[in-house]
Amino acid sequence: MGETRAPLPYPDGWFSVCFSRDLPPGTVRTVPFMGQDLVLYRTAAGRACAIDPYCPHLGAHLGVGGKVQGEELVCPFHGLAFSPEGGCVRTGQGTTPPDASLTLRYTKEVNGAVMVWADHENRPPNWEVPERDLSAFASPPQHSSHEMRGYPQDTGENSVDQVHFGWLHGLTDTAATYEVGDCWMETLLTARWHGQPMRMRMRQFGMGHVQAESEMSRIGFRVITMLYSTPTAPMKWTMSWIDTFELALFERLPRPLRRAAYALLGPVAKRWLASFAQIDFPIWNARAFLGRPKLLRGDRGIAEFRRWSARFYPPSSTDKRVFPIRPVPPVSSAASGAGAAGASAEPLAPIS
């Protein structure tokens, strides 16, 4: 019978379309995004752009043979050139360019990723993803990416699922608190892993981005994770993340030795961190989204997350058939005062 799970609608918000490192100047790439292609390119000056793929002249796919010339994207079919603002600025024949424009996507680069804004009513962004300064970490960033089946919101829901941390990941003495903002939800988890005390602070921004900080103080280990979940097609999504870490033992070494030690340990740490996360993958790939889950006593975080996450989906999808827990409406600028936008996008605070 094929896939019998019901997909959720595509959510609104910011979503990663590639790592920044994978879009060097002059590059043109085609990526899947919410059931269609997007064309990404980076100009010679370094500006990252995302557009719908078809040339407004005669419909050529700009990701198939399109080229970057300086700051312009040139169509492979007739040589029409488009500026980063989307307008046609010249033709391949030197004639007057037509009054034609590309369909631009709101794009920003933050935390090692190129991100694109999605909105079911084509509204402009009404919140931003804060940038996290990772320059103080001596370890080189470790990049990972996996193609997934199912629901991209599983990454966020997973971070509030206190019960599964004990049953599936082997954590003990788990305790969690939750805080909800307009565009973010934060979980602070304390636990023990093989007897070692650990703390994890995970802040989810919309359905597309999680900033997480984990710490095991006894061994002096701290890791920052930038996690991205991007819907690519119904019941398909990409999970990608960047880890950077520090180990107190290495921090006492002279700089050249410290860099060498992190370069050696980085791939090992990447495999270890990935193995911790990948325990969830087979379950995520096969699970169904239940509109009326039979929650356990320790599932308060799931209820909070479902209520908060409903605001990122089209209103027609957040009825009781899909989201039986009544969604909390976003805080409006008028209701929350002039500082609301900044407050909703505050960066992840260090664990203290």
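The values are calculated or read from the model by the stated rules, or taken from the named source; none is laboratory data. This is a predicted model, so every value here is computed, not measured. Here Cβ is always computed from backbone atoms with ideal geometry, including for glycine, and neighbour counts include all displayed protein chains. The accessibility values were calculated without ligands, DNA or RNA, using every heavy atom of the protein model including side chains. Shrake-Rupley method; radii C 1.70, N 1.55, O 1.52, S 1.80 Å.
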Share of alpha-carbon pairs per 10 Å distance bin for region 189-322, given as whole % = 9, 31, 34, 17, 8, 2
query = Restricting attention to region 184-289, which trypsin sites (Lys or Arg not before Pro) occupy a DSSP loop and are surrounded by at most 16 other Cβ atoms within 10 Å?
reply = 252, 287
query = Just in region 16-65: which trypsin sites (Lys or Arg not before Pro) are loop by DSSP and have at most 16 other Cβ atoms within 10 Å?
reply = 47
query = What Kirkwood hydrodynamic radius, in Å, does region 122-260 give when the mean of 1/r is taken over all pairs of distinct Cα atoms and then inverted?
reply = 16.6 Å
ask   = Within the chain, how many lysine pairs that are 8 or more places apart, or on different chains, have C-alpha atoms less than 28 Å apart?
value = 7
remark   = Among (1) 45, 23, 16; (2) 29, 23, 20; (3) 37, 27, 19, the entry matching semi-axes √(5λ) of the Cα gyration tensor in Å as calculated here is (3)
Rg ratio (alpha-carbon, reference 2.2 N^0.38 Å) - region 1-89 = 1.25
task = Please determine, in degrees from 0 to 90 and to the nearest 10, the orientation of helix 300-309 with respect to the longest principal axis defined by the Cα atoms of the chain, where the helix direction is its Cα long axis.
result = 10 degrees
key: Test item: Cα-centred dipole of the chain, Lys/Arg +1 and Asp/Glu -1 on Cβ, debye   = 840 debye
key: residue 286 paired with residue 4, simple spin-label distance in nm, labels 7 Å along Cα-to-beta-carbon   = 1.4 nm
query = Largest first, what is the accessible-area ranking of 188, 171 with a 1.4 Å probe?
reply = 188, 171
request  = Would you mind working out the magnitude of the charge dipole of region 122-219 relative to its Cα centre, with +1 at each Lys and Arg C-beta and -1 at each Asp and Glu C-beta, to the nearest 20 Debye?
outcome  = 220 debye
ask   = In whole percent, how big is the carbon plus sulfur part of the accessible area of the chain, probe 1.4 Å, protein atoms only?
value = 56 percent
